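The values are calculated or read from the model by the stated rules, or taken from the named source; none is laboratory data. For clarity, every value in this text was computed on a predicted model and none was experimentally measured. Positions of Cβ are backbone-derived with ideal geometry, glycine not excepted, and every protein chain shown enters the neighbour counts.
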Amino acid sequence: MTNLLRPDQLSSLDGLLDRVADRQRLDFGHIVSDVKPDGTLITACDRWSDSALVEGLSEIAPGEGVLSEEGSQNMPDSNACWIVDPLDGTTNFAAGIPYWAISVARFVDGRPVQAFLDVPALRQRIVAIRGQGAWRNGKKLTEKSRSAVTSSCVSLCSRSIRVLQRRHQQSFPGKIRLLGVASLNLVSVAMGQTVAALEATPKIWDLAAAWLVLEELGCPVCWLKTDPSSVRPGEDLAEVGFPVLTAGSAAELEHLLPWGKSLLQP
(Lines give C-alpha, C1' and ligand atoms only; values in the text may rest on other atoms or scores of the structure.)
Protein backbone atom coordinates (compact mmCIF):
# COMPACT_ATOMS: atom_id res chain seq x y z
CA MET A 1 0.00 0.00 0.00
CA THR A 2 1.49 3.35 -1.05
CA ASN A 3 1.10 6.66 0.73
CA LEU A 4 -0.23 8.46 -2.36
CA LEU A 5 -2.83 7.57 -4.96
CA ARG A 6 -1.79 6.51 -8.46
CA PRO A 7 -2.56 8.87 -11.38
CA ASP A 8 -5.44 6.65 -12.53
CA GLN A 9 -6.93 6.73 -9.04
CA LEU A 10 -6.62 10.52 -8.93
CA SER A 11 -8.36 10.78 -12.30
CA SER A 12 -11.21 8.60 -11.04
CA LEU A 13 -11.48 10.69 -7.88
CA ASP A 14 -11.69 13.91 -9.92
CA GLY A 15 -14.53 12.37 -11.90
CA LEU A 16 -16.31 11.31 -8.71
CA LEU A 17 -16.04 14.80 -7.22
CA ASP A 18 -17.28 16.31 -10.49
CA ARG A 19 -20.33 14.04 -10.42
CA VAL A 20 -21.21 14.88 -6.81
CA ALA A 21 -20.63 18.62 -7.32
CA ASP A 22 -22.83 18.60 -10.44
CA ARG A 23 -25.66 16.90 -8.54
CA GLN A 24 -25.39 19.38 -5.67
CA ARG A 25 -25.53 22.36 -8.03
CA LEU A 26 -28.59 20.81 -9.69
CA ASP A 27 -30.34 20.27 -6.35
CA PHE A 28 -29.45 23.68 -4.93
CA GLY A 29 -32.53 25.85 -4.56
CA HIS A 30 -34.88 22.85 -4.62
CA ILE A 31 -34.23 21.40 -1.19
CA VAL A 32 -36.38 20.16 1.69
CA SER A 33 -34.42 19.48 4.87
CA ASP A 34 -34.90 17.22 7.88
CA VAL A 35 -33.52 17.62 11.40
CA LYS A 36 -31.08 15.01 12.68
CA PRO A 37 -31.15 13.86 16.35
CA ASP A 38 -28.30 16.27 17.17
CA GLY A 39 -30.35 19.22 15.89
CA THR A 40 -28.39 19.76 12.67
CA LEU A 41 -29.99 19.69 9.23
CA ILE A 42 -29.77 16.98 6.60
CA THR A 43 -31.15 16.83 3.09
CA ALA A 44 -31.72 14.10 0.52
CA CYS A 45 -28.74 15.57 -1.32
CA ASP A 46 -26.54 14.98 1.76
CA ARG A 47 -27.60 11.34 1.80
CA TRP A 48 -27.12 10.82 -1.94
CA SER A 49 -23.73 12.57 -1.88
CA ASP A 50 -22.54 10.49 1.05
CA SER A 51 -23.61 7.23 -0.60
CA ALA A 52 -22.03 8.19 -3.93
CA LEU A 53 -18.72 9.18 -2.33
CA VAL A 54 -18.46 6.14 -0.06
CA GLU A 55 -19.29 3.76 -2.91
CA GLY A 56 -16.96 5.58 -5.33
CA LEU A 57 -14.03 5.65 -2.91
CA SER A 58 -14.46 1.94 -2.21
CA GLU A 59 -14.07 1.28 -5.94
CA ILE A 60 -11.12 3.67 -6.34
CA ALA A 61 -9.18 2.30 -3.34
CA PRO A 62 -10.47 -1.17 -2.40
CA GLY A 63 -9.71 -2.18 1.16
CA GLU A 64 -9.39 1.38 2.46
CA GLY A 65 -12.07 2.17 5.03
CA VAL A 66 -14.29 5.25 4.86
CA LEU A 67 -15.53 7.39 7.75
CA SER A 68 -18.29 9.78 6.68
CA GLU A 69 -20.61 12.20 8.43
CA GLU A 70 -23.74 10.44 7.24
CA GLY A 71 -22.36 6.88 7.38
CA SER A 72 -19.96 5.03 9.65
CA GLN A 73 -18.39 7.42 12.15
CA ASN A 74 -15.84 4.98 13.55
CA MET A 75 -12.22 5.51 12.63
CA PRO A 76 -11.38 2.77 10.10
CA ASP A 77 -8.78 0.22 11.13
CA SER A 78 -7.10 0.10 7.71
CA ASN A 79 -3.66 1.74 7.47
CA ALA A 80 -4.98 4.07 4.77
CA CYS A 81 -8.52 5.39 5.02
CA TRP A 82 -10.82 8.19 3.92
CA ILE A 83 -12.66 10.84 5.94
CA VAL A 84 -15.57 12.47 4.15
CA ASP A 85 -18.01 15.30 4.69
CA PRO A 86 -20.31 15.01 1.67
CA LEU A 87 -21.89 18.44 2.13
CA ASP A 88 -20.29 20.74 4.67
CA GLY A 89 -22.58 23.72 5.20
CA THR A 90 -25.98 22.05 4.92
CA THR A 91 -27.67 24.97 6.67
CA ASN A 92 -26.39 27.35 3.99
CA PHE A 93 -27.30 24.87 1.25
CA ALA A 94 -30.86 24.35 2.53
CA ALA A 95 -31.38 28.08 3.04
CA GLY A 96 -30.35 28.95 -0.50
CA ILE A 97 -27.01 30.48 0.49
CA PRO A 98 -24.53 29.44 -2.24
CA TYR A 99 -21.58 28.56 -0.05
CA TRP A 100 -20.87 24.97 0.94
CA ALA A 101 -18.16 22.36 0.36
CA ILE A 102 -17.41 18.72 -0.35
CA SER A 103 -14.56 17.61 1.91
CA VAL A 104 -12.58 14.44 1.22
CA ALA A 105 -9.26 13.50 2.84
CA ARG A 106 -7.14 10.37 2.62
CA PHE A 107 -5.33 9.46 5.83
CA VAL A 108 -2.30 7.22 6.26
CA ASP A 109 -1.13 6.27 9.76
CA GLY A 110 -3.60 8.68 11.33
CA ARG A 111 -2.70 11.82 9.40
CA PRO A 112 -3.98 13.34 6.15
CA VAL A 113 -1.73 12.82 3.14
CA GLN A 114 -4.08 14.00 0.37
CA ALA A 115 -6.96 16.44 0.67
CA PHE A 116 -9.70 17.55 -1.71
CA LEU A 117 -12.05 20.44 -0.97
CA ASP A 118 -14.60 21.28 -3.67
CA VAL A 119 -16.72 24.45 -3.50
CA PRO A 120 -19.46 23.65 -6.04
CA ALA A 121 -21.12 27.06 -6.23
CA LEU A 122 -17.77 28.76 -6.93
CA ARG A 123 -16.48 25.91 -9.13
CA GLN A 124 -13.29 25.83 -7.11
CA ARG A 125 -11.34 22.76 -6.07
CA ILE A 126 -8.52 22.94 -3.55
CA VAL A 127 -6.11 20.01 -3.48
CA ALA A 128 -3.25 19.39 -1.04
CA ILE A 129 -0.60 16.67 -1.01
CA ARG A 130 1.61 16.18 2.03
CA GLY A 131 5.10 17.47 1.39
CA GLN A 132 4.23 18.79 -2.08
CA GLY A 133 1.94 21.78 -1.48
CA ALA A 134 -1.57 22.91 -2.32
CA TRP A 135 -3.38 24.07 -5.45
CA ARG A 136 -6.63 25.84 -6.29
CA ASN A 137 -8.08 24.89 -9.69
CA GLY A 138 -4.63 23.64 -10.67
CA LYS A 139 -2.77 26.84 -9.70
CA LYS A 140 -0.12 26.41 -7.02
CA LEU A 141 -0.80 28.23 -3.76
CA THR A 142 2.14 29.57 -1.78
CA GLU A 143 2.83 31.03 1.62
CA LYS A 144 3.97 34.21 -0.12
CA SER A 145 0.70 34.69 -1.99
CA ARG A 146 -1.22 34.03 1.26
CA SER A 147 0.80 36.48 3.35
CA ALA A 148 0.45 39.19 0.68
CA VAL A 149 -3.25 39.50 1.50
CA THR A 150 -3.90 42.15 4.16
CA SER A 151 -7.14 40.84 5.64
CA SER A 152 -7.98 41.81 9.22
CA CYS A 153 -10.86 39.34 9.53
CA VAL A 154 -11.08 36.42 11.94
CA SER A 155 -13.42 33.56 11.12
CA LEU A 156 -15.53 32.23 13.99
CA CYS A 157 -18.06 29.41 14.01
CA SER A 158 -21.50 29.94 15.50
CA ARG A 159 -20.49 28.20 18.75
CA SER A 160 -17.17 29.99 19.17
CA ILE A 161 -18.79 33.42 19.32
CA ARG A 162 -19.30 32.74 23.02
CA VAL A 163 -15.71 33.88 23.50
CA LEU A 164 -17.07 37.40 22.96
CA GLN A 165 -19.16 36.98 26.12
CA ARG A 166 -16.45 35.30 28.14
CA ARG A 167 -13.95 38.07 27.36
CA HIS A 168 -16.47 40.89 27.07
CA GLN A 169 -14.15 43.26 28.93
CA GLN A 170 -11.79 43.24 25.93
CA SER A 171 -12.32 44.29 22.34
CA PHE A 172 -12.02 41.38 19.92
CA PRO A 173 -8.78 41.81 17.94
CA GLY A 174 -10.22 41.71 14.43
CA LYS A 175 -13.27 41.93 12.24
CA ILE A 176 -15.51 38.87 12.57
CA ARG A 177 -16.66 36.58 9.78
CA LEU A 178 -19.05 33.62 10.17
CA LEU A 179 -19.10 31.67 6.92
CA GLY A 180 -21.23 28.77 8.13
CA VAL A 181 -18.92 26.09 6.66
CA ALA A 182 -16.35 24.66 9.09
CA SER A 183 -13.90 23.40 6.46
CA LEU A 184 -13.97 26.70 4.58
CA ASN A 185 -13.75 28.73 7.81
CA LEU A 186 -10.41 27.01 8.44
CA VAL A 187 -9.19 27.10 4.85
CA SER A 188 -9.94 30.83 4.63
CA VAL A 189 -6.75 31.29 6.66
CA ALA A 190 -4.68 29.29 4.18
CA MET A 191 -6.20 31.32 1.33
CA GLY A 192 -5.30 34.62 3.01
CA GLN A 193 -8.98 35.57 3.29
CA THR A 194 -8.75 35.75 7.08
CA VAL A 195 -5.87 36.07 9.53
CA ALA A 196 -7.19 33.38 11.87
CA ALA A 197 -10.06 30.98 12.44
CA LEU A 198 -11.56 29.52 15.60
CA GLU A 199 -13.78 26.43 15.57
CA ALA A 200 -15.36 25.36 18.87
CA THR A 201 -16.66 21.87 18.16
CA PRO A 202 -15.53 20.63 14.72
CA LYS A 203 -15.85 16.92 14.06
CA ILE A 204 -13.12 14.96 12.31
CA TRP A 205 -14.95 15.19 8.96
CA ASP A 206 -15.17 18.99 9.27
CA LEU A 207 -11.43 19.47 9.57
CA ALA A 208 -9.83 16.48 7.82
CA ALA A 209 -9.13 18.11 4.44
CA ALA A 210 -8.62 21.65 5.76
CA TRP A 211 -5.99 20.39 8.22
CA LEU A 212 -3.62 19.34 5.44
CA VAL A 213 -4.20 22.51 3.37
CA LEU A 214 -3.28 24.61 6.41
CA GLU A 215 -0.13 22.60 7.11
CA GLU A 216 1.03 22.69 3.49
CA LEU A 217 0.70 26.49 3.42
CA GLY A 218 2.58 27.01 6.66
CA CYS A 219 -0.34 28.01 8.88
CA PRO A 220 0.22 27.04 12.53
CA VAL A 221 -2.57 24.93 14.01
CA CYS A 222 -3.31 24.71 17.74
CA TRP A 223 -5.55 21.88 18.95
CA LEU A 224 -7.12 23.38 22.03
CA LYS A 225 -8.20 20.10 23.62
CA THR A 226 -7.53 16.91 21.61
CA ASP A 227 -5.12 16.36 18.73
CA PRO A 228 -6.95 14.34 16.05
CA SER A 229 -3.74 12.48 15.20
CA SER A 230 -4.20 10.67 18.52
CA VAL A 231 -7.44 9.02 17.35
CA ARG A 232 -7.31 5.21 17.59
CA PRO A 233 -8.58 2.76 14.95
CA GLY A 234 -12.15 1.75 15.69
CA GLU A 235 -12.81 4.80 17.88
CA ASP A 236 -16.35 6.17 17.64
CA LEU A 237 -16.02 9.84 16.67
CA ALA A 238 -19.71 10.66 16.34
CA GLU A 239 -19.70 12.89 19.43
CA VAL A 240 -16.03 13.89 19.56
CA GLY A 241 -15.12 17.51 18.86
CA PHE A 242 -11.66 18.90 18.19
CA PRO A 243 -11.61 22.59 19.18
CA VAL A 244 -8.99 24.32 17.06
CA LEU A 245 -7.38 27.69 16.47
CA THR A 246 -5.35 28.38 13.35
CA ALA A 247 -3.70 31.53 12.07
CA GLY A 248 -1.60 32.86 9.25
CA SER A 249 1.45 33.28 11.47
CA ALA A 250 2.79 32.22 14.85
CA ALA A 251 2.43 35.80 16.09
CA GLU A 252 -1.26 35.94 15.14
CA LEU A 253 -1.84 32.56 16.77
CA GLU A 254 -0.21 33.72 20.01
CA HIS A 255 -2.24 36.93 19.91
CA LEU A 256 -5.53 35.04 19.67
CA LEU A 257 -4.67 32.07 21.87
CA PRO A 258 -6.26 33.55 25.05
CA TRP A 259 -9.52 33.84 23.14
CA GLY A 260 -9.24 30.27 21.96
CA LYS A 261 -8.49 28.96 25.44
CA SER A 262 -11.55 30.74 26.79
CA LEU A 263 -13.68 28.24 24.83
CA LEU A 264 -12.61 25.57 27.32
CA GLN A 265 -13.77 27.50 30.36
CA PRO A 266 -16.75 25.90 32.13
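Considering each of 84, 119 in turn, give the residue that is closer than 25 Å to residue 219 by Cβ, touching a residue at least 24 places away in the same chain (Cβ under 8 Å), out of contact with any Ser or Thr (no Cβ under 6 Å at 6 or more places or on another chain) and in the same structural domain as residue 17 (by TED's automatic domain parsing).
Exactly one of 84, 119 is closer than 25 Å to residue 219 by Cβ, touching a residue at least 24 places away in the same chain (Cβ under 8 Å), out of contact with any Ser or Thr (no Cβ under 6 Å at 6 or more places or on another chain) and in the same structural domain as residue 17 (by TED's automatic domain parsing), namely 119.
Could you list, in sequence order, the residues of the range 154-184 that are basic (Lys, Arg), assigned to a loop (DSSP other than H, G, I, E, B) and in contact with a strand residue (DSSP E or B) (Cβ under 9 Å, 6 or more places away or on another chain)?
159
Residue under question is residue 171, and the condition is that it be of a type in the set (S, T, N, Q) and either within 22 Å of residue 104 (Cα to Cα) or surrounded by 15 or more Cβ atoms within 10 Å (Cβ to Cβ) (or both); does it hold?
In short, no.
Is it true that residue 151 is in a helix (DSSP H, G or I) and more than 13 Å from the chain's Cα centre (by Cα)?
Taking the combined requirement at face value, the residue does not satisfy it.
Quick one: is residue 214 surrounded by 18 or more Cβ atoms within 10 Å (Cβ to Cβ), touching a residue at least 12 places away in the same chain (Cβ under 8 Å), outside any loop (DSSP other than H, G, I, E, B) and under 17 Å from the mean Cα position of the chain (by Cα)?
When the stated conditions are applied, residue 214 passes them.
If you take the residues in the range 49-96 that are of a type in the set (Val, Ile, Thr) and at pLDDT 95 or above, which one is surrounded by the fewest Cβ atoms within 10 Å (Cβ to Cβ)?
54
Looking at residue 196 and the list (1) touching a residue at least 12 places away in the same chain (Cβ under 8 Å); (2) surrounded by fewer than 21 Cβ atoms within 10 Å (Cβ to Cβ), which single condition is not satisfied?
(2)
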